[in-house]
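First up is the structure itself, then whatever we jot down about it.
The values are calculated or read from the model by the stated rules, or taken from the named source; none is laboratory data. What you see is a predicted model, and the numbers here were worked out from it, not measured in a lab. So basically every Cβ, Gly included, is an ideal-geometry build from the backbone, and we count neighbours across all protein chains shown. To get the accessible areas, we keep the full protein, side chains included, count just its heavy atoms, and leave off ligands, DNA and RNA. Shrake-Rupley method; radii C 1.70, N 1.55, O 1.52, S 1.80 Å.
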Amino acid sequence: MMAGGSATDWGASHIDCNAGFKLVGRTAEDFLLIEDRQGRTCPVAVVGAKPV
Amino acid sequence: MPKDVAPVLGHATEPEFVVNIPSSASWSGPAIATVHAVPAGFGSLGDLGRAARQGDVAGYRNKEFGFFERAIGQHSNVRQLTRLYDTVFVADRYSGRALTIALVDAYNMSAEDVRTARSKYGTFDIALKMSNYGGVTSAASQAAESMGAEAMMFRHLMRRLAQ
């Protein structure tokens, strides 16, 4: 886990506005919900363990 | 070590992509296989951006890794290709012993690049420069030789796989 928050928090805070998708929410499983340029929504897990 | 990714894959809702942070963290072959079986893509936040632009997040595969996986796996002397990590493959050959190949992303491969790969992935037979640009320094070749390995460009790998 990252200092001061979870790996998911870290991922959410580092999404670039020019990344080609935007963050639109978070699921009960703590996945990020992203929306691509076609308007499709995808759940994304962020893992902080290394190496995976 | 799929155990690290297993918890995020054990929910009723499965992710279409798994991001590992930091982006420099390596992925083991079993972890990659586990994620691909969902099916889901994996990689850095940068990979997630590329996947989103392609419009197929779950089916995303890193193009560079895919190129080396196909090129090595389709060599006529390679019987089977196993992925140890995202950038390390073991090529079992029909003729000759198996070769462990570590991909090194550097413009001019240095001795430090070779040593870093050794520290990160353990022993390998070949440090393979990923880019066709730049070259392999003599210091990199010497460092590899000191480990009982070789450092080379992709064009030399095809010949080496046949030997």
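For region B:42-149, the antiparallel share of DSSP beta bridges with both residues in that region comes to about 60%. Accessible surface of A:F21, taken over heavy atoms with a 1.4 Å probe and every protein chain present, rounds to 10 Å².
Report, as a whole number in µm² per second, the diffusion coefficient that Stokes-Einstein gives for region B:104-157 at 37 °C and 0.692 mPa s using the Kirkwood radius over alpha carbon pairs. The partial results should precede the final answer.
Working: Rh = 10.5 Å.
Answer from the Stokes-Einstein relation: 311 µm²/s.
Computed as a quarter of the hull surface, the mean projected area of the alpha carbon convex hull for the protein assembly as shown stands at 12.7 nm². Overall, the ratio between the Cα radius of gyration of region B:32-126 and 2.2 N^0.38 Å, rounded to two decimals, is 1.20.
I'd like the carbon and sulfur percentage of the solvent accessible area for region B:49-163, probe radius 1.4 Å, heavy atoms only, ligands and nucleic acids excluded. Carbon and sulfur atoms account for 45 percent of the accessible area of region B:49-163.
Per residue of A:6-18, what is the mean number of Cβ atoms on other protein chains within 10 angstrom of that residue's Cβ?
Values: counts 0, 5, 3, 0, 4, 5, 0, 0, 4, 4, 3, 0, 1.
Mean shielding count: 2.
The angle between the Cα long axis of helix B:45-54 and the longest principal axis of the Cα atoms of chain B comes to about 70 degrees, rounded to the nearest 10. In chain B the Cα-Cα distances spread across 10 Å bins starting at 0 as 10, 36, 34, 17, 3, 0 percent of all pairs.
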